[in-house]
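What follows is a short report on a single structure.
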Ligand code: FES
């Protein structure tokens, strides 16, 4: 397979280089402009940016002579690739049957509304990535969400938002999680639920 000739980087019209020309061109040069190294190049772009920005992929395709459809095919085939930026915190909300029957849909709605984030997406301020799932295996604590690995059970829409707001505003997220977790544990004990950690 012939390799494209690498000239000087194309001129970027964006003052913030949102086109990714400089980043992408540097990565292409690292691999000698070899289109067969497409996946490692995409991995490097994700390592540099935290995800695969659309304009970066356009630039990559243009420079390598690879159709954008093929690049998106690769990006969507491998679960490790992200086409959206990841938030500082990840909310995993259970939407399984037990949690759903106990109000998970209302919790989901209020999270989407409060933080302007859609399922599978990231909030505009990049604080939260919202990832609903089918079952977290902690049905006895329904409704349940996990934030950065910490379990919160027996939630209501308002308590979920309260926990997330504390996490969002905390300068030390781990402390906020601990405080929120302690508060939630107290509520759970009052309800006779015991610890939320599985
Ligand atoms: S249904 Fe929610 S944890 Fe199982």
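Sequence-distant contacts, meaning Cα pairs under 8 Å at least 6 residues apart, place the relative contact order of region 21-77 at 35 percent. Restricting to bridges with both residues inside region 27-168, how much of the DSSP beta-bridge set is antiparallel, in percent to the nearest 5? Expressed as a percentage, antiparallel bridges in region 27-168 total about 65. A straight chain from residue 112 to residue 84 at 0.36 nm per residue would run longer than the Cα-Cα distance by 8.4 nm. Highest average first, the peptides 140-147, 118-125 ordered by how many other beta carbon atoms sit within 10 Å of their residues are 140-147, 118-125. Would you please give the FRET efficiency between residue 29 and residue 131, computed as 1/(1 + (r/R0)^6) with r the Cβ-Cβ distance and R0 = 41 Å, to the nearest 0.05? Efficiency computed from Cβ-Cβ geometry: 0.70.
Rule-based calculations on the coordinates, nothing more; no lab input. These figures come from a predicted structure and were not determined experimentally. Because the Cβ atoms are built from the backbone with ideal geometry, glycine has one as well, and the counts that use them run over all protein chains shown.
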